1. Under 7 Å by Cβ, and 6 or more places apart or on different chains, what pairs join a residue from segment 192-219 that is closer than 17 Å to THR101 by Cβ with one that is part of a helix (DSSP H, G or I)?
2. Could you name every one of the strands (runs of 3 or more DSSP E) located completely within segment 129-203 that has at least 2 residues being small (Gly, Ala, Ser)?
3. So, of the residues in segment 202-243 that are over 25 Å from PRO87 (Cα atoms), hydrophobic (A, V, I, L, M, F, W, C) and open to solvent by 10 Å² or more (accessible area, probe 1.4 Å), which turns out to be modelled with the highest pLDDT?
4. Being open to solvent by less than 10 Å² (accessible area, probe 1.4 Å), more than 13 Å from VAL231 (Cα to Cα) and under 19 Å from the mean Cα position of the chain (by Cα) is the filter here, so list the residues in segment 178-201 that pass it.
5. Considering only segment 149-174, how many residues are closer than 29 Å to ILE97 by Cα and open to solvent by less than 60 Å² (accessible area, probe 1.4 Å)?
6. How many of the residues in segment 62-111 are surrounded by 13 or more Cβ atoms within 10 Å (Cβ to Cβ), over 20 Å from PRO197 (Cα atoms) and of a type in the set (Gly, Ala, Ser)?
7. When the residues of segment 95-128 are filtered to those that are part of a loop (DSSP other than H, G, I, E, B) and polar (S, T, N, Q), which remaining residue is farthest from GLY236 (Cα to Cα)?
8. Somewhere in segment 21-34, is a residue assigned to a helix (DSSP H, G or I) and either in contact with a helix residue (DSSP H, G or I) (Cβ under 6 Å, 6 or more places away or on another chain) or at pLDDT 95 or above (or both)?
Amino acid sequence: MFTTEIESRRLSRRGFLNAAALGAASIAVSACTTTARRPVEPPFPANVEPPLLDYATMYAPVSDGGFDLPGIPFEKIDPQFLRQIVPDPTGEKPGTIVVDTAGHHLYLVRPGGQAIRYGVGLGRAGFEWSGDAVVQWKQKWPKWTPPGEMIARQPELAKYSADNGGQPGGLTNPLGARALYLFQGNQDTLYRLHGSPEWNSIGKSVSSGCVRLINQDIIDLYDRVPNKTPVIVTAGVGQPVPATNRRAIPIDDGVPEGSILLGAARTISDSIF
């Protein structure tokens, strides 16, 4: 009887030691498994703009709408005029477009204190303009109808007048691959944010009246801009937009007849353009 009790105690002690050993081994295996797991990639912080593609990809040849846009020799362009994400210098609400005519930059304000900046070409001396507007119409590969004032200066453009049907969209069209039509109230200002085949004009003041972007950039902007986007054109980012009575000569003769607009725009001054 006594021997049996001793053996029973030995068996119980051996079972406890075995159980303890198994537990330690289990903990060790669990620790090894945890250590071997791949770390979880953290998500993008809230309100941080995802990085853009590299320039070779952003400015590569593009097939779009039945047209083959050539690649842009971005190495020949001042890097400040290439598409990039920058800290927002405007202080405007996200979604606003701000054109800085002094710096030849267009900013699309994004959340989180950031903006996407594009280089632009602008009107030469005597054709500048500034003010507030709203994108009231958008068009891919738009038709161009030069206004009478422009035809008077350049009679060779008469073949593209409204009476002659305008110039169809295409690679040589001055409005490029996309156009954003700017309105004040319900009135067409006749000014545009548009593409241009003349990439070497970006960062310069050579065109009549409007804001031109590299075709690849206007396609990118077009896809990011919703209906009725507010647009501010100013000679100094963060400065009040001065009203002017001078009317610059526009590039376009108006939204084509029969176009469906986006509805009534927000109320703003009609004295700026």
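1. Listed by first residue and then by second, the contacts come to HIS194/ILE218; SER196/ASN215; ILE202/PHE81; GLY203/PHE81; SER207/SER201; SER208/MET150; ARG212/SER201; LEU213/LEU221.
2. Details: elements: 131-140, 178-184, 187-196.
In segment 129-203, the matching strands (runs of 3 or more DSSP E) lie at 131-140, 187-196.
3. Among those residues, the one meeting the criterion is VAL206.
4. Scanning segment 178-201 gives ARG178, ALA179, HIS194, GLY195, SER196.
5. In the first step, residues of segment 149-174 are kept if they are closer than 29 Å to ILE97 by Cα; the result is 149-150, 166-174.
Next cut, open to solvent by less than 60 Å² (accessible area, probe 1.4 Å) only: 150, 166-167, 169-170, 173-174.
Residues meeting the conditions: 7.
6. 2
7. Filtering segment 95-128 for residues part of a loop (DSSP other than H, G, I, E, B) gives 95-96, 101-104, 111-113, 120, 124-128.
Subsequent filtering for residues that are polar (S, T, N, Q) retains 96, 101.
Working: THR96: 16, THR101: 7 Å.
Applying the filter and picking the extreme gives THR96.
8. At the first step, the residues of segment 21-34 found to be assigned to a helix (DSSP H, G or I) are 21-34.
Imposing the further condition that a residue be either in contact with a helix residue (DSSP H, G or I) (Cβ under 6 Å, 6 or more places away or on another chain) or at pLDDT 95 or above (or both) reduces the set to none.
No, every residue in segment 21-34 fails to be assigned to a helix (DSSP H, G or I) and either in contact with a helix residue (DSSP H, G or I) (Cβ under 6 Å, 6 or more places away or on another chain) or at pLDDT 95 or above (or both).
The values are calculated or read from the model by the stated rules, or taken from the named source; none is laboratory data. The shown structure was predicted, so the numbers you read here are calculated from the model rather than taken from an experiment. Note that we place each Cβ from the backbone using ideal geometry, even for glycine, and neighbour counts take in every protein chain shown. Keep in mind that these areas ignore ligands, DNA and RNA; they rest on the heavy atoms of the full protein, side chains included. Shrake-Rupley method; radii C 1.70, N 1.55, O 1.52, S 1.80 Å.
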